[in-house]
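Only one structure is covered here, and it is reproduced in the block below.
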Amino acid sequence: MATKIEKSDQEWREQLTPEQYEVTRKAGTERAFSGPHLDEKRDGMFRCVGCGTELFSSDTKFESGTGWPSFTDPANLEHVELRSDNSRFMKRTEVVCKNCDAHLGHVFDDGPGTSGQRYCINGCALEFDAK
């Protein structure tokens, strides 16, 4: 993995839209069914909006009905970090980009497939590269 990306708060604000900043730098959440990539069906790779790191392949995307893009597994486990999140009176597992510490979303144990995981990711935290 490359050297960890560190930027000042001002640099992040200049690079990201206000919503991207709120979600990725302040651990916010976009409104359900409002973000980009929810209905993305093309083959390709979802990357971190902050640093471009490959995060999720379209092969693992599925329709969860939750209002956020959902994936069964990261493209590379080395690119994400899972952290305990006890905010908002809930016990959850936060998903963060390991390269730039961008908050991406949360992972839950109610997904399809062999892993049983559902990576529930904010669409505004992702860029999509079609194949």
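Throughout, read-outs are computed from the coordinates displayed, never taken from laboratory work. All values reported here derive from a predicted model rather than from experimental measurement. Positions of Cβ are generated from backbone atoms using ideal geometry, with glycine treated the same way; all protein chains shown enter the neighbour counts.
The helix-only estimate of mean residue ellipticity at 222 nm for the chain, built from DSSP H runs of length n ≥ 4 each weighted as -39500 (n - 2.57), is -3500 deg cm²/dmol after division by the residue total. Seen from HIS103, the other residues with C-beta closer than 10 Å to its C-beta sum to a net charge of -1, counting Lys and Arg as +1 and Asp and Glu as -1. For the chain, the list of Cys residues with no other Cys C-beta under 4.7 Å reads CYS120, CYS124. When the Cα positions of CYS51, LEU126, THR93 are compared along the charge dipole of segment 9-130, THR93 comes out farthest toward the positive end, with charges on each C-beta of Lys, Arg, Asp and Glu. This model, with +1 at the C-beta of Lys and Arg and -1 at the C-beta of Asp and Glu, gives segment 9-130 a dipole about its Cα centre of some 360 debye. Electrostatic tally near LYS7: other residues with Cβ closer than 11 Å to its Cβ, Lys and Arg +1, Asp and Glu -1, net -2.
What's the ranking of 6-12, 119-125, 28-34 by average number of surrounding C-beta atoms within 10 Å, highest first? Each step should come with its number before you reach the end.
Values: 6-12: 10.9, 119-125: 26.3, 28-34: 14.0.
Listed from highest to lowest mean packing, they are 119-125, 28-34, 6-12.
Summing charges over neighbours of GLU30, with a neighbour being any other residue whose Cβ is under 10 Å away from its Cβ, gives -1 when K and R count +1 and D and E count -1.
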